[in-house]
1. Take the Cβ-Cβ distance between V95 and L116 as r, set R0 to 25 Å, and report the resulting FRET efficiency rounded to the nearest 0.05.
2. Based on the mean of other Cβ atoms within 10 Å per residue, sort peptides 253-264, 273-284 so the most packed one is first.
3. Mind jotting down a quarter of the surface of the convex hull over the alpha carbons of the stretch 203-269, in square nanometres, one decimal?
4. Excluding S193 itself, what net charge comes from residues whose Cβ is under 12 Å from its Cβ, given Lys and Arg +1 and Asp and Glu -1?
5. Can you give the extra length, in nm with one decimal, that the chain gains between F58 and A20 once fully stretched, where that is 0.36 nm per residue apart less the Cα-Cα distance?
6. Taking the simple approach of a point 7 Å from Cα along Cα-to-Cβ for both R34 and A215, what is their distance in nm?
7. With bins 10 Å wide starting at 0, give me the P(r) of the stretch 171-287 over every alpha carbon pair, in whole percents.
8. Sort the following peptides by mean Cβ neighbour count (other Cβ atoms within 10 Å, averaged over residues), highest first: 236-244, 196-204.
Amino acid sequence: MTWLDWLVFKHPVLVHMPVAVALLLPWALVAAQRPGRGIKPWWVTCRYLGWMGLLFSFAAAASGVAAARSQGLLAPGAWLALDHSVLRIHQAAAVASLPLGLITLRLMFRRREEHLGLGFLPLFTGLLWCAALLTAGWYGARLHRDPVTHPMVSQAPLEPAPAPAPVVPAVPDLAWVLDPTALEPLHGEPVKSGPHGNRWVRVWATPEAAAAYRAGAPLPEGGRVVMSTLQDRWGRPGFELGPSYGLERQNGELRFTLHWSRVPEAQRAEVGGADRAVWTGDAPGLAACRTCHAGGFAPARDRSAWGIPKPKPKLTGTPAG
C-alpha cells in the first residue's frame with residue numbers, strides 16, 4: 001500500500017477529530033467568556049481544541065481530495081465537484097472551515113489580561129467554524145450512506161452490451177467407444193489380458209480395421225478399434241465394467257481414447273485417484289497406450305489367448321467297488 005492509498009483509506013477516520021472538536025469547542029468558548037480568576041485554564045482548553053481541530057481539518061481535507069481523485073469524482077485538474085449537490089456542499093463546508101479555523105485560532109492567541117475572558121470575536125468565529133465542520137461531517141455521512149456514482153462519466157444511457165456467448169467446451173465424440181456392439185467383434189468371447197489390468201477384454205473393429213487386424217497389417221486410415229473390458233471375478237469375467245479403450249487413425253495419426261465411467265475405489269490409483277476418467281488426445285495417462293501401440297495393432301504374438309476356463313464335466317455312474 002502506497003502512502004497515497006493509505007491517505008485515501010484513512011479519510012473516514014481522520015474526519016472524526018474535527019467533528020469531535022466541533023462538538024466540544026463551543027462549550028469551552030462559552031466557558032472562557034466570563035472574566036475573573038481561574039479563567040486561564042479555559043483559554044488553554046480552547047487553544048488545545050483549536051489546534052487539534054485545525055491540524056486534523058487539513059489532514060482530512062487532503063485525504064478527501066485524494067479519495068475523490070482516486071474514485072474518479074473530480075475532473076482532471078479540478079478541486080471541487082460541481083456536478084453533485086451533496087458532494088459539492090460537503091467540499092464547500094470543508095474548504096470554508098480551514099480559514100475559519102485559522103482566524104479562530106489566531107484570535108484565541110491575541111494578547112489579553114489574565115483575568116479577562118477570550119472575548120466575543122473568537123466566540124463568534126469559533127461558532128462559525130464549528131458549524132462549517134458539522135456541516136461537512138453531516139454531508140460526508142450522507143455520501144457514505146449513498147455513494148456517489150462517478151459524475152465525470154457521461155450520464156447518457158448506454159445500450160446494453162450483448163451477452164457473450166457461453167463457452168461450451170469441446171466434447172469428443174465417444175459414442176463409438178461407448179457402444180462398440182455396432183462394430184464387428186474380432187473374437188466370440190472375452191479373453192484375459194495381462195497388460196490391461198488382468199481384465200477380460202473383447203475387441204471390436206470397423207470392417208476395414210477388422211480385415212487389417214486378421215491380416216496383421218497396420219490400422220488403415222479411418223479405421224477404428226474398440227476394446228471393452230470386464231473386471232475379473234474369481235478367474236472368470238465378472239459383472240462390473242472396466243475401462244473402454246479406443247484406437248483410430250485420422251489424417252495418418254493414431255488417436256487413443258480411454259473412458260471409464262465408474263472407477264472402483266480399490267482401482268482409482270490407476271487413474272490418479274479419480275472416480276471417473278475420460279482421456280483423449282495427448283492425455284498423460286495414455287502414454288502407455290502410445291508406447292505399446294505405436295504401430296497400431298498389437299503384434300499377433302502378444303495377443304492374449306487365455307479364454308474362459310471351461311467347467312469340468314461331472315462324473316456319472318457308480319464307482320467301481
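1. The computed FRET efficiency comes out at 0.15.
2. 253-264, 273-284
3. Working: hull surface 23.7 nm².
Result: 5.9 nm².
4. That sum, taken over residues with Cβ under 12 Å, equals +2.
5. Numbers: separation 38, 0.36 × 38 = 13.68 nm, distance 1.49 nm.
The span from F58 to A20 would gain 12.2 nm if fully extended.
6. Using points 7 Å along Cα→Cβ, the separation is 12.3 nm.
7. 14, 44, 34, 8, 0
8. Working: 236-244: 16.3, 196-204: 20.0.
So the order, starting with the most tightly packed, is 196-204, 236-244.
Read-outs throughout are calculated quantities, based only on the coordinates presented, and are distinct from any laboratory measurement. Not measured: the values here are computed from a predicted model. Here the Cβ is made from the backbone with ideal geometry for all residues, glycine too, and neighbour counts use every protein chain on show.
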